[in-house]
Every structure is written in C-alpha cells, then in structure tokens.
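The block underneath contains the structure these notes are about, expressed in structure tokens.
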C-alpha cells in the first residue's frame, strides 16, 4: 500500500468527501466549515427508502433530522382515509426539524415520493450541533416560521 503524504504530480489535489459537498448545498449547513461538515457526516447515517415508503408516521417520536440527498419526500396530513400534501422536500432540503425543536411528536406523515436517499442526523447529534452553534438554531426557527406563514396562505385542495 502506498502512503500519500503529498499528491503525485499528476493528481490535481484533494477532493472533499462527496457527502460534504452535498451538505454544502443545504442552506442550513452552508456556513459550516469542512471540519464541522465532516463531523456531521461521521455522526449521521444514510438510508434509502423505496417509492411510497413511510419515513415517519404522524404521532411518532421525533428522533432525527432528515436531509434529502436524492429523490423527494412529501409531508402529508392524514384526514380520515385521504392524505393531503402539506409540503415536500427534494435534494438539498431537510425536514423533521420542527418536531425536534419543539420536542413534540411528528404532527404529519413523511412519505418517499420516489426512491429516495436520506441522510439522518440523530436527535442527540442535532441537539449537540445546535448547542455548539446557537445561530444555527435561530436560522432554523426563522425557516420554520417562514414555512408556517407560507402554509397559512396556501388554499387547501378541494
């Protein structure tokens, strides 16, 4: 095995981990340095959901922040036998933060719209991240407030 202390002449240079690059595109994490992003990657795990699979159910415990790496997820409110889409999240977007910040159970169901890869940051890691970066929590709260205002202006489907 060859040990690389410096790249050979024909190598352009080091490349960021692909998950660090993906997280850099998430507005919530855009201001974090590479070291913090590597820590996030190390503290998280990635899973793939098949189209139609439930990521979490309404009234389930909030146990993680979910970041969409590939695919999309719809957030739905269950109204009897029908589901009403409230929001959606695609690559670079995240969900589940509302329940984590408020320390409540999920008020909606999250369902994979298509085959979807999610990065999952556990509740403990999420809380540790916010404790280390209070500005991040403030940014999250502003984002939640904006989403709630937007949801209030959307007409319910008939």
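For the modelled label position 7 Å from the Cα of residue 47 along Cα-to-Cβ, which residues of the range 116-146 have backbone nitrogen atoms closer than 11 Å?
Under 11 Å, as judged by backbone N against the label point of residue 47, lie 118-121 of the range 116-146.
What is the pair-distance distribution P(r) of the range 18-153, computed from all Cα-Cα distances in 10 Å bins starting at 0, with each bin given as a whole percent?
It works out to 12, 44, 36, 7, 1, in whole percents.
Listed highest first by mean packing, meaning other Cβ atoms within 10 Å per residue, what order do 89-102, 33-46 come in? Walk me through the intermediate numbers first.
Values: 89-102: 18.9, 33-46: 15.0.
So the peptides 89-102, 33-46, ranked by packing, come out 89-102, 33-46.
Read the figures in this text as sums done on the coordinates, not as results from a lab. All values derive from a computational prediction rather than experimental measurement. Note: ideal-geometry Cβ built from the backbone for every residue, glycine included; neighbour counts use all protein chains shown.
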